[in-house]
Amino acid sequence: MRNPRTTAGAATALMVGVAVVTVFTVLGASIKASIGDVVRNDFHGDLVIVNDAQSGTGIDPALVGRLQDTPAVRAATGFGIARVDIDGREEMVSAVDAAQLGRVIDLHVARGALADVGVDGVALSSRFAAAHDVAVGDDVPVVFGDGARLDLRVGALYDTDANFGSALVPQAA
């Protein structure tokens, strides 16, 4: 009653704050549910090893080989994330052994086969392939961060909801 303008301003700020908290809560719950669905429906492994240290150092790639040599381990794979230039556009890609990755997660391969990617191929997201009019068997130019350029043959197209980027590029490349 003493100062309605101040009361209205405080109430407005409180409502905006509640709205922001609600939006982030719903967004967080949605992301958590989506990741949970991918893990429940598509992930075939028992364990994921992640370096969540803020240093950005990553995990020694030799760990995958040591795990594969362990009798109790049926399949192990690792992957890295990089930015490369594919067909003239900068894209986020995963550096992986595509066939091994396919043993631990269902990538929903739409065309081709992950085994056909090999060490000189690439698997592309179906969305990226459609946007660039690329099909299985086509060669796509890939330019790496150090300027090296390779023409990689498309071995598979995938539709996974998991975020592996626009392409799966062989670790050897």
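The values are calculated or read from the model by the stated rules, or taken from the named source; none is laboratory data. This is a predicted model, so every value here is computed, not measured. Counting neighbours? That spans all protein chains shown, and the Cβs are built from the backbone with ideal geometry, glycine included. Each accessible area value is taken on the protein alone, full model and side chains, heavy atoms only, with ligands, DNA and RNA left out. Shrake-Rupley method; radii C 1.70, N 1.55, O 1.52, S 1.80 Å.
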Count of residues meeting criterion [part of a strand (DSSP E or B) and of a type in the set (Val, Ile, Thr)] in the stretch 102-116: 2
Output for the stretch 128-158, where each listed residue is modelled with pLDDT under 90 and acidic (Asp, Glu): ASP146
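Are any residues in the stretch 164-173 open to solvent by 60 Å² or more (accessible area, probe 1.4 Å) and either in a strand (DSSP E or B) or among the hydrophobic types (A, V, I, L, M, F, W, C) (or both), and if so, which ones? Give the derivation first.
Going residue by residue through the stretch 164-173, those that are open to solvent by 60 Å² or more (accessible area, probe 1.4 Å) are 171-172.
Within the stretch 164-173, ALA172 is the sole residue that qualifies.
Does ASP138 satisfy being open to solvent by 30 Å² or more (accessible area, probe 1.4 Å), acidic (Asp, Glu) and without any contact (Cβ under 8 Å) to a residue 24 or more places away in the chain? Talk me through it step by step, then tell me what you get.
Details: open to solvent by 30 Å² or more (accessible area, probe 1.4 Å): yes; acidic (Asp, Glu): yes; without any contact (Cβ under 8 Å) to a residue 24 or more places away in the chain: yes.
When the stated conditions are applied, ASP138 passes them.
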Failed item, numbered, when ALA99 is tested on (1) under 21 Å from GLY65 (Cα atoms); (2) assigned to a loop (DSSP other than H, G, I, E, B): (2)
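A quick yes/no check of all residues on (1) within 20 Å of ASN163 (Cβ to Cβ); (2) modelled with pLDDT of 75 or more; (3) in a loop (DSSP other than H, G, I, E, B); (4) touching a strand residue (DSSP E or B) at 6+ places or on another chain (Cβ under 7 Å):
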position: THR7; (1), (2), (3), (4): no, yes, no, no
position: GLY17; (1), (2), (3), (4): no, yes, no, no
position: ILE31; (1), (2), (3), (4): yes, no, no, no
position: GLY45; (1), (2), (3), (4): yes, yes, yes, no
position: ARG83; (1), (2), (3), (4): yes, yes, no, yes
Collect the residues in the stretch 141-163 that are under 20 Å from the mean Cα position of the chain (by Cα) and open to solvent by 70 Å² or more (accessible area, probe 1.4 Å), keeping them in residue-number order. GLY145, ASP159, ASP161, ASN163
